[in-house]
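To keep things clear, I will list the structure first and then write my remarks on it.
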Amino acid sequence: MENNKIKVAITIVDKLKVLYHLQLIDSRIDEIENFRKNIPIEINSLEEELEKMKKKLKNIHEEIISIKEDINQKNKEIKYSENLIKKYEKQKENIRNNKELYFLEKEIDYQKLEIKLSKKRIQQINLNIHKNEEIFKKKEDLFLNKKEHIFHKKKELNQIFSENKKEEKLLLERSIFFSKKIDNNLLKIYKKIRNRVKNGVAVSPVQRGAPLGSYLAITPQKYSELIQRNKLLIDENSGRILIDEELAEEEKKKYFIFFQQKKKK
C-alpha cells in the first residue's frame with residue numbers, strides 16, 4: 001500500500017515537471033512570436049519618425065531657398081533703381097525749367113530711398129538665412145544621428161530575429177519531446193487552459209500563497225495539498241494548474257542550463 005502511494009506521488013511530480021517545462025517552452029515561444037510581430041511595427045515607427053525629420057529638413061531648406069530668392073529680387077530692384085537714377089541724372093543735363101528739375105530730383109531721392117530700404121531688407125533677410133541655416137544644421141545632425149541609429153537598430157533586430165529562429169526550432173523540438181512524456185488527455189487539458197487564460201500561462205507557480213499572475217490567494221488546505229505533490233490541482237479563481245514554487249524553480253534551472261549549453265555549441 002505504501003509503495004503504491006510513493007508510485008502515485010512520483011507520477012504526479014513527473015507530470016508537474018513535464019507540464020511546467022512545457023509551460024516554460026511555450027511562454028518563450030510566445031515571446032519570440034510577439035517579438036516577430038512587433039519588429040515591423042517598431043521599424044515602421046522609427047522610419048516614420050525619420051521621414052518626419054526629413055520632411056522638416058526639406059521645408060527648412062525650401063524656406064532658405066525662398067529667402068535667398070527674395071535677396072535676388074531685392075538686388076534686381078536695387079539695380080533697377082540705380083539705372084533709373086543714372087537715367088534721371090542724364091536727363092538733368094537737358095532740363096528746360098525748374099519744374100522738370102524738381103521732378104527729377106524728387107524721383108532720384110525716391111529711388112535712393114528705395115535702394116536704402118532694399119539694402120536694409122537684404123541685411124534682415126541675411127540674418128534670417130543665417131538663423132535658418134543654423135536650425136537646418138542642428139536638425140540635419142539630429143537626422144543623420146537618427147538615421148545611423150535606425151540602421152544599427154535594424155541590424156540588431158535582424159540579428160535577434162535570426163537567433164530567435166534558431167532558438168524557436170530547438171524549443172519546438174523540446175516541446176515535442178516533453179509532449180510525448182504525458183498522456184494526450186492531460187496535454188489537451190494543458191492546451192485548453194493555455195488558450196483560455198491570460199498570457200497563455202496554464203501552469204502557475206504559487207508564490208506567497210497566490211498563483212503567479214493572480215492576486216487571489218489559495219486556501220491553506222489547498223496549499224497543504226500542493227506541497228504534498230500527490231495530485232494535480234487547479235486554481236478555482238484563475239483556472240490554472242498549480243505547481244509549488246520549489247519544484248517550479250528546480251525545473252526553471254534545468255530549462256535555463258539546457259538552453260545555455262545549447263547556445264554555447
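What follows is calculated from the coordinates using simple rules that are stated; it is not laboratory data. Just so it is clear, the model here is predicted, and its values are computed rather than measured. Virtual Cβ from ideal backbone geometry, glycine too; neighbours counted across all protein chains shown.
So here's what we get for this one:
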{"item": "Under the Karplus curve 6.51 cos²θ - 1.76 cosθ + 1.60, θ = phi - 60°, whole-Hz ³J(HN,Hα) for the range 173-185, x wherever Gly or Pro sits", "result": "5, 5, 5, 5, 4, 6, 4, 6, 8, 10, 6, 4, 4"}
{"item": "Protection-proxy order for peptides 76-82, 123-129, 21-27, each taking the mean of Cβ atoms within 10 Å per residue, highest first", "result": "21-27, 76-82, 123-129"}
{"item": "The chain: calculated mean residue ellipticity at 222 nm from DSSP helix runs of at least 4, using -39500 (n - 2.57)", "result": "-30000 deg cm²/dmol"}
{"item": "Loop sites in the range 231-265: GluC sites (Glu not before Pro), DSSP, at most 13 other Cβ within 10 Å", "result": "Glu236"}
{"item": "Difference of contour (0.36 nm per residue) and Cα-Cα distance, Glu42 to Glu246", "result": "69.6 nm"}
{"item": "Length-normalised contact order for the range 36-181 - Cα pairs under 8 Å, 6+ apart - percent", "result": "36"}
{"item": "Options (1) 2.19; (2) 1.01; (3) 0.95 - which one matches Cα Rg over 2.2 N^0.38 Å as calculated here", "result": "(1)"}
{"item": "Peptide ranges 137-144, 168-175, 92-99 listed from the most packed, as the mean C-beta count within 10 angstrom indicates", "result": "168-175, 137-144, 92-99"}
{"item": "Under 13 Å from the Cα of Lys74 - aspartates and glutamates, other chains or at least 8 residues apart", "result": "Glu82, Glu114"}
{"item": "The chain: relative contact order in percent, alpha carbon pairs under 8 Å with at least 6 residues between", "result": "29"}
{"item": "Dipole of the chain, positive end: most advanced residue of Phe151, Pro220, Asn195 [Cβ charges, Cα centre]", "result": "Phe151"}
